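To start, the structure under review is shown below, and the notes come after it.
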Amino acid sequence: DIGDRKRGTGEVGLTRYAVPPDALPFWAERLARRGVEGMKSASVFGEARLNFLGPDGEEFALVATADDRAPWTGNGVGAEAAIRGLHSVTLLVRRSAPTVEFMTSVLGCEESGISANRTRLAVGGDTPGHFVDVVEDREAIPAVNGLGTVHHVAMAIGSDEEQLRLREELVSLGIGVTDVRDRCYFQSIYFREPGGVLFEVATIQPGFTVDEHLVSLGRGL
């Protein structure tokens, strides 16, 4: 634990990024050279991965997988090893069945696989970048947010109208949900799934290019 943070249920336990199938040795050497802690190899659903810790104890992994998204090159990382984007996140819950039922019946996810206490759901496609793993641990304590934790999981929705329909459905099911929040680049609603993890559902529009050109995005504002 760091400060008041406590690892446990009702939080995002692990954030994974997709890299090419042969890239893990490159990343193991690169991370070791920079003194990154907590490195260990693992395999989930037949995909090799490299787990490691961020500076504040946050949990990350790189997953070796086929992924045709454009690589994020630079700073000594070429296309042959570069991260392609988010692979998946893990939700740690006391009981997985209510979370899985909610995400499939209300949010439209599909079950992609089961391995021991892990259920993989696919959101909008059965490829890297669309996976959410629900991991059950009936002995874990409730999590407490703090330094090195992930506050919420954000998912995109196609339009304001769809967002409002989802909000109305959540209200009708007795699920506490915020009003629509104006985040300047998108509109958001927030609610907790049955296992306690905080979800955000955000519109894609108007988007991050509303006040900056794509080629200089994030560089000057």
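For the range 147-156, state whether one or more residues are crowded, with 19+ Cβ neighbours inside 10 Å, modelled with pLDDT of 95 or more and either more than 24 Å from G207 (Cβ to Cβ) or touching a helix residue (DSSP H, G or I) at 6+ places or on another chain (Cβ under 7 Å) (or both).
no
Suppose we filter the range 31-45 for residues that are small (G, A, S), within 14 Å of D56 (Cα to Cα) and surrounded by 11 or more Cβ atoms within 10 Å (Cβ to Cβ); how many remain?
Of the residues in the range 31-45, the ones small (G, A, S) are 32, 35, 38, 41-43.
Filter again for within 14 Å of D56 (Cα to Cα), leaving 35, 38.
Filter once more, keeping what is surrounded by 11 or more Cβ atoms within 10 Å (Cβ to Cβ): 38.
Qualifying residue count for the region: 1.
When the residues of the range 163-197 are narrowed to those that are charged (D, E, K, R) and not in a loop (DSSP other than H, G, I, E, B), which ends up surrounded by the fewest Cβ atoms within 10 Å (Cβ to Cβ)? So that I can check it myself, show each step before the final result.
First pass over the range 163-197, keeping only residues charged (D, E, K, R): 165, 167-169, 179, 181-183, 192-193.
Next, only the ones that are not in a loop (DSSP other than H, G, I, E, B) stay: 165, 167-169, 181-182, 192.
Details: R165: 12, R167: 18, E168: 11, E169: 13, R181: 12, D182: 9, R192: 14.
Checked the range 163-197; the qualifying residue surrounded by the fewest Cβ atoms within 10 Å (Cβ to Cβ) is D182.
For the range 96-104, state whether one or more residues are more than 23 Å from V201 (Cα to Cα) and without any contact (Cβ under 8 Å) to a residue 40 or more places away in the chain.
No, every residue in the range 96-104 fails to be more than 23 Å from V201 (Cα to Cα) and without any contact (Cβ under 8 Å) to a residue 40 or more places away in the chain.
Considering only residues that are over 19 Å from A143 (Cβ atoms) and hydroxyl-bearing (S, T, Y), look in the range 76-108 and name the one that is least open to solvent (accessible area, probe 1.4 Å).
Across the range 76-108, the extreme among qualifying residues is T104.
Just to verify a result, which residue in the range 198-221, among those that are open to solvent by less than 70 Å² (accessible area, probe 1.4 Å) and touching a residue at least 24 places away in the same chain (Cβ under 8 Å), is nearest to R94 (Cα to Cα)?
Result: L198.
Sort out which residues of the range 60-75 are in contact (Cβ under 8 Å) with a residue 12 or more places away in the chain and open to solvent by less than 70 Å² (accessible area, probe 1.4 Å), and write them in order of number.
F60, A61, L62, V63, A64, T65, D67, P71
Is it fair to say V134 is under 18 Å from the mean Cα position of the chain (by Cα), surrounded by 18 or more Cβ atoms within 10 Å (Cβ to Cβ) and at pLDDT below 95?
In short, no.
The values are calculated or read from the model by the stated rules, or taken from the named source; none is laboratory data. Small disclaimer: the values here were computed from a predicted structure and weren't measured. Counting neighbours? That spans all protein chains shown, and the Cβs are built from the backbone with ideal geometry, glycine included. Protein only, heavy atoms only, side chains kept; ligands, DNA and RNA dropped before computing areas. Shrake-Rupley method; radii C 1.70, N 1.55, O 1.52, S 1.80 Å.
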